[in-house]
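The values are calculated or read from the model by the stated rules, or taken from the named source; none is laboratory data. Because the structure is a prediction, the values reported are computed rather than measured. Here the Cβ positions follow ideal geometry from the backbone for every residue, glycine too, while neighbour counts run over all protein chains shown.
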Amino acid sequence: MNPNKALWEKGDFTRVAETMRESGEALVQRLGITKGLKVLDLGCGDGTTALPAAKLGADVLGVDIARNLVEAGKKRAAEQGVTNCAFQEGDASNLEQLPDQAFDLVVSIFGAMFAPKPFEVAKEMVRVTRPGGRIVLGNWIPNDPTLVAQVLRISSSYTPPPPEGFVSPMTWGIESNVIERFAGAGVPAEKISFARDTFTFNFSGTPSAFVDEFRKYYGPTMSAFEAAEKNGRAVDLQKELEELFNSQNKSENATSIPAAFLRVTVAL
């Protein structure tokens, strides 16, 4: 099995995605979506941005590598009565099932960054976007002091080194890498703009309980705990994550943690 597919089917990312809904909706509100716009949401999960885009009138296709998340997206669309949002399995580095120039807007919020072969991912996103269309990415930033970059940094310090040739998803959070990858797809640097943005995780329980959600349901953290347990270090990992979540929490009676990301807009 594709290791990326295995990672994202391992847990149940919908549990974490539930804490990201408000920020997902707020981001989509700023994308200038109009009725009938053809939108591809790549690495869509269970529809945190795909469903709000459809509710604004776009015709949305959500593509994700994890079958369980595709099924969860279909279920959410059905429950909300959204008929203009479809979900299907697919790999961001090879969208062979999608025709050229089929979409006005390609969105990938913390999705395509996790696919291997970043140059192929950039080429595929450009290929399926029509001339005059846009690509909008949300990418976590390496070494950023805020939540997700730190969760991934801490998790990686407890896991075995990645295989040779592995390209960290966090490299999508570096502007020069983004420019280089889209240059490989024929897009000049002046067509790419960057902004620092924030996604806020809102969870009804305590920060420690939120850590448990990551431990049980978020693939990268699950893998870190499995490795830590083999080395007798699971208690250390739990403590490190709890300190992080508690120190970044902005709510007094629940959990609200902002996380910085790089927003990339590519004009074709």
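General remarks:
- The lone criterion from (1) farther than 23 Å from S223 by Cβ; (2) free of Cβ contacts under 8 Å to residues at least 60 places away in the same chain left unmet by P161 is number (1).
- Among the residues of segment 115-174, those identified as among the charged types (D, E, K, R) and under 20 Å from D64 (Cα atoms) are K117, E120, K123, E124, R127, R134.
- Enumeration of residues in segment 124-151 that are of a type in the set (G, A, S), touching a strand residue (DSSP E or B) at 6+ places or on another chain (Cβ under 6 Å) and assigned to a strand (DSSP E or B): G133, G138
- Any hit, segment 222-238, residues being crowded, with 21+ Cβ neighbours inside 10 Å, outside any strand (DSSP E or B), hydroxyl-bearing (S, T, Y) and under 19 Å from the mean Cα position of the chain (by Cα): no
- Of the numbered criteria (1) of a type outside the set (K, R); (2) buried (at least 17 other Cβ atoms within 10 Å of the Cβ); (3) more than 21 Å from N4 (Cα to Cα), the one P131 fails is (2).
- Residue match in segment 198-220 (condition: touching a Pro at 6+ places or on another chain (Cβ under 9 Å), assigned to a helix (DSSP H, G or I) and of a type in the set (A, V, I, L, M)): no
- Looking only at segment 196-208, and only at residues there that are within 22 Å of the chain's Cα centre (by Cα) and surrounded by 14 or more Cβ atoms within 10 Å (Cβ to Cβ), the one that is farthest from I109 (Cα to Cα): P207
- If you go through segment 40-68 and keep only what is aliphatic (A, V, I, L, M) and not in a loop (DSSP other than H, G, I, E, B), you end up with L40, L42, A50, L51, A53, A54, V60, L61, V63.
- Residues considered: V82, V121, V107. Of these, the only one that is among the hydrophobic types (A, V, I, L, M, F, W, C), part of a loop (DSSP other than H, G, I, E, B) and touching a residue at least 24 places away in the same chain (Cβ under 8 Å) is V82.
- Residue, nearest to E124 (Cα to Cα), within segment 85-95, restricted to residues that are assigned to a strand (DSSP E or B) and without any contact (Cβ under 8 Å) to a residue 40 or more places away in the chain: N94
- Exactly one residue out of R21, R76, R30 is modelled with pLDDT of 95 or more, among the basic types (K, R) and in contact with a helix residue (DSSP H, G or I) (Cβ under 7 Å, 6 or more places away or on another chain): that is R76.
- Filtered residue count, segment 140-163, keeping only those that are aliphatic (A, V, I, L, M), touching a helix residue (DSSP H, G or I) at 6+ places or on another chain (Cβ under 6 Å) and within 13 Å of F225 (Cβ to Cβ): 1
- Qualifying residue in segment 45-64 (condition: among the basic types (K, R) and touching a residue at least 60 places away in the same chain (Cβ under 8 Å)): no
- Here S156 clears all of (1) surrounded by fewer than 19 Cβ atoms within 10 Å (Cβ to Cβ); (2) at pLDDT 95 or above; (3) of a type outside the set (A, V, I, L, M, F, W, C) except the condition numbered (2).
- Within segment 185-195, the set of residues being farther than 24 Å from A260 by Cα and surrounded by fewer than 14 Cβ atoms within 10 Å (Cβ to Cβ) comprises G186, P188.
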